[in-house]
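See structure below.
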Amino acid sequence: MKNRRSFALGALAVAVVLPLAACGDDEPDSGSTTPAGTEASVATSTPDGTQAPTTSRATTSTSSTTLPADLSSQLTGRTFLSSAVEGYTLVDGTRITLTFDGTNIAAQGGCNSIGSTWSLEGDVLVVPEVRSTMMACEPAALMDQDTWLSAVLTSRPTVTLDGDTLTISADGSTVTLVDREVAEPDRPLDGTTWTLETIVSADAASSVPTGVRPATLVFDGTNVAVDTGCNTGRASYTMTADDITFGPVALTRMACVDPAGSAVEQAVLTVLTGTATVDIEAGVLTMTNGTDGLVLRAPADASGTTTTTGPAVADGLIGPTWALSAITSGGTTTPRPGGVRAPTLTFDATSVAVFDGCNTGSGAYATAGDQITFGPRATTMMACIGETATVSDAIAAVLTGTATFAIGAEGALTLTNGDQGLTYTSG
């Protein structure tokens, strides 16, 4: 869809990675240069020792190799997603995203956002020092992956473009990427469960507060089913190009006890009043109504691939706020230490919000039978000490990779990963 609007998400913190010294220009040839396609006099020897002019014609190359200027224009405005990486093992559930936007380049390796400018020298990609956000991520290997990606981009790698496939080759690493519109086409508005991820107000963006059930929208062509995270209801709508006009929203009248939940509901209803502009890019739906907006995401599995059907989730996993009651290690189960604030888990259809007693964060997950696979998790960076640190480490150990889960008849959720386990009760 067109008519996209960008929201300011905050300035990127500067992180200098592999700065490059400027390369001096070669000294120009002292002789004159003949433009391609023009005639020039060339001195040749005659039998009597004198020189006579002859005429030669310089010609342009007829090579089929893509010219740098053509390659630049073919990259501009496109986003590519990694399909294969040689020379480096990506963290499970992550992929490389690379966007060429005019003279700017944006990259993501599963954790922080990386940005800089770009240009081409022949088939060499030139990216000066990069800027990066400074978010801490779990597992810690995601931070190393960001560093590796920055190093690849700033190492003057060679690039080739074959249709929709982009290859970037640096010393020891080769990244193959596919155009995003081919690898991950835009999802349909209708029939997809869109889950609220970000609330925008006056160009300031904030995520859904921890503990609040994320709102969802499901469009069917004439009506939209609305779950504000507190109340549910429906509204009619009509589409004109990229604009959507909503009728009145009929909602249930449950009181939102949590002020944060009330704020989310109000943000949703504000955007669903009157006419909003909509844009879908892959699995992300952006709705803008004046200075207010919502960013929603289609269901995703732990590998980051968005779908329109969502992961299979056991009855009862979504909805409750699960509070940690016990920790198991090496076959021994102990109650949560009384001096540690109760860690919690809150699941929606695609992600889990985690409070480990010290830091808060969220990440994708997917279920299959009694198995639950956790994707990388973004988290705050508060220092944890004493028993709080012990509990935080225990939670991180279980919520990494694939665990077994079960919901007992008493309403307890157990998560087991190897000889480590967690027991939660619904709040």
(message) Can you compute the modelled spin-label distance between ASP70 and THR89, with each label point 7 Å from Cα toward Cβ, in nm?
(response) 4.1
(message) Using the Karplus curve 6.51 cos²θ - 1.76 cosθ + 1.60 with θ = phi - 60°, what ³J(HN,Hα) values do you get for each residue of the stretch 108-122, in whole Hz, with x for Gly and Pro?
(response) 8, x, x, 9, 8, 8, 10, x, 5, 9, 8, 7, 10, 10, x
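Gain in length, ALA326 to SER426, computed as 0.36 nm per residue apart minus the alpha-carbon separation, to one decimal in nm?
Once the chain is fully extended between ALA326 and SER426, it gains 34.7 nm.
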(request) Using θ = phi - 60° and the Karplus relation 6.51 cos²θ - 1.76 cosθ + 1.60, list the HN-Hα couplings for the stretch 207-213 in order, rounded to whole Hz, with x at every Gly or Pro. (result) 7, 5, x, 4, x, 9, 5
(message) What are the ³J(HN,Hα) couplings of the stretch 339-349, residue after residue, when phi is run through the Karplus curve with 6.51, -1.76, 1.60 and θ = phi - 60°? Round to Hz, x for glycine and proline.
(response) x, 9, 4, 5, x, 9, 10, 9, 9, 10, 5
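Quick check on the stretch 175-281: what are the equivalent-ellipsoid semi-axes from the Cα gyration tensor, as sqrt(5λ), descending, whole Å? Walk me through the numbers before you get to the answer.
Numbers: eigenvalues 131, 72, 33 Å².
Whole-Å semi-axes of the equivalent ellipsoid: 26, 19, 13.
With a 1.4 Å probe and every protein chain left in place, work out the accessible area per residue of the stretch 171-287 in Å², rounded to a whole number.
Details: 5170 Å² over 117 residues.
Accessible area per residue: 44 Å².
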(request) Measure off 7 Å from each Cα along the Cα-to-Cβ vector at SER206 and THR404, then give the distance between these two points in nanometres to one decimal. (result) 4.2
(request) Evaluate the Debye formula for the stretch 181-220 with equal point scatterers sitting on the alpha carbons, no solvent, and hand back log10 of I(q)/I(0) at q = 0.17, 0.32 Å⁻¹, in q order, two decimals. (result) -0.65, -0.99
(request) Please say if the stretch 121-237 is rounded, prolate or oblate, where rounded means a/c under 1.5 for a ≥ b ≥ c the square roots of the C-alpha gyration tensor eigenvalues, and otherwise the choice is prolate for a/b larger than b/c and oblate otherwise? (result) prolate
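Highest mean first, what order results for 106-116, 364-374, 383-393, 262-272 on Cβ atoms within 10 Å?
On the way: 106-116: 21.7, 364-374: 18.1, 383-393: 15.0, 262-272: 19.7.
In descending order of packing, they fall as 106-116, 262-272, 364-374, 383-393.
Just subtract the alpha-carbon distance of ALA389 and ALA342 from 0.36 nm times their residue separation and send over the number in nm, one decimal.
Numbers: separation 47, 0.36 × 47 = 16.92 nm, distance 1.30 nm.
Separation in residues times 0.36 nm, less the Cα-Cα distance, equals 15.6 nm.
The values are calculated or read from the model by the stated rules, or taken from the named source; none is laboratory data. Predicted model only: the values in this text are computed from it and were never measured. Cβ coordinates were reconstructed from backbone atoms using ideal geometry, including for glycine residues, and neighbour counts include every protein chain displayed. For accessibility, only protein heavy atoms count, side chains too; no ligands or nucleic acids. Shrake-Rupley method; radii C 1.70, N 1.55, O 1.52, S 1.80 Å.
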